[in-house]
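A short reminder: the numbers here are calculations on the coordinates, not readings from a lab. Just so it is clear, the structure is predicted and the values come from calculations on it, not from any experiment. Glycine also receives a Cβ, built like all others from the backbone with ideal geometry; neighbour counts cover every protein chain displayed.
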Amino acid sequence: MNAYLKLRKQRILCHECGSTFTLRTNIVEPNCYISNNTKLAIALEASDIISECDIAKRFNTSHSTVNRIINSYYEIHHPHRHKLPKYFPSLNKRRIRIMNNDHKNYTKFKNYWRLLLKNRNDLDIVNYRYYRCFRGMLCEEDVVNYLLDLNHELKSTYELYQDILNSIKNNDIERFNSIIDNIQIEYPNISSYMKTSIKTIKENYEYIINSLKYKYTNGVLEGINNKIKVIKRVAFGYRSFYHFKVRILIVHKLSKIIKYKKPGLSNTA
């Protein structure tokens, strides 16, 4: 139930300077018709996964008013953003380039690219099946070896990719450091794409070593991503990315509410 409170303005005349001023109250801000308690309630509601339109209906205000109150009541922190290394598609880019230039083996590179990206230790070397492009019975390892033998640069890039992949999978920091320090000696024929990826790895070396050293899971991160999707779905999308970011920080308790300061003396109603 909505409640209305009528306040009478009191103007005070200063006999020293001759100027006048209006007394303030802690119930409502000057030139505003929404009480401070209502604003505070709206700000607290923003911490729940609920659309701003529903908050506006609950407190009989407009959506833009709810948006403005949320932005004014919360102190938005900007956390440090460290550039994390992404999966480097160097091997796949080199495969595509070879595939486009080798018309004879084009279909083989196109159909069996997943085997090249698969972990070398997971390749099936026992079970044989018929591969249409080869017109014969082969295992997965035979297919990979055939494709690698077609290009020395692809083979060197593949070996480096697999060694880095296994060192990260086994949390072998010593092996990972050995690979990075001896790339030019052990893998002299890698592609230019892989050289760019190695440069990126060196730039983010500290973060990669931390991921190998500490046994943290990304389960919490996946939960946060899911909650962000729920916030967006409940609101049926956001027109402003800034408002979307503010709601995410508020819901995840990454923004603290600003303490309201009493403006002055209260008027008599």
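Things to note:
- CD proxy at 222 nm, helix term only [per DSSP H run n ≥ 4: -39500 (n - 2.57); per residue of the chain; nearest 500]: -15000 deg cm²/dmol
- Straight-distance crosslink candidates among lysines, where the alpha carbon sits under 21 Å from Lys39 and sequence neighbours closer than 8 are dropped: Lys6, Lys57, Lys245, Lys253, Lys256, Lys259, Lys261, Lys262
- Within the shell defined by Cβ-Cβ distances under 14 Å, the residues around Phe21 carry a net charge of +2, with Lys and Arg each +1 and Asp and Glu each -1.
- Packing-based exposure ordering (other Cβ within 10 Å, fewest first) of Met194, Met137: Met137, Met194
- Counting 0.36 nm for each residue step from Arg114 to Arg135 and taking away their Cα separation leaves a gain of 5.6 nm.
- With a Förster radius of 45 Å applied to the C-beta separation of Tyr207 and Asn26, the computed FRET efficiency comes to 0.40.
- Per-residue extension of 0.36 nm, minus the Cα-Cα distance of Lys6 and Glu159, leaves a gain of 47.2 nm for this segment.
- Taking 19 Å as the straight-line reach from the Cα of Lys110, the aspartates and glutamates in range (excluding those fewer than 8 positions away in the same chain) are Asp102, Glu140, Glu141, Asp142, Asp149, Glu153.
- Given Lys169/Lys215; Lys169/Lys195; Lys93/Lys169; Lys155/Lys195, the pairs whose alpha carbons are separated by over 18 Å: Lys169/Lys195; Lys93/Lys169
- Segment 9-46-segment 135-201 distance, computed between alpha-carbon centres (Å): 69 Å
- Peptides 129-136, 4-11 ranked from most to least packed by the mean count of surrounding Cβ atoms within 10 Å: 129-136, 4-11.
- Shown here: P(r) over Cα pairs in 10 Å bins from 0, in percent, derived from the displayed model; of the candidates (1) 7, 30, 38, 22, 3, 0; (2) 6, 24, 25, 20, 16, 7, 1, 0; (3) 5, 19, 17, 15, 14, 11, 8, 6, 4, 1, 0, it corresponds to (3).
- Sorted ascending by nearby beta carbons within 10 Å, beginning with the fewest, Val126, Val251 become Val126, Val251.
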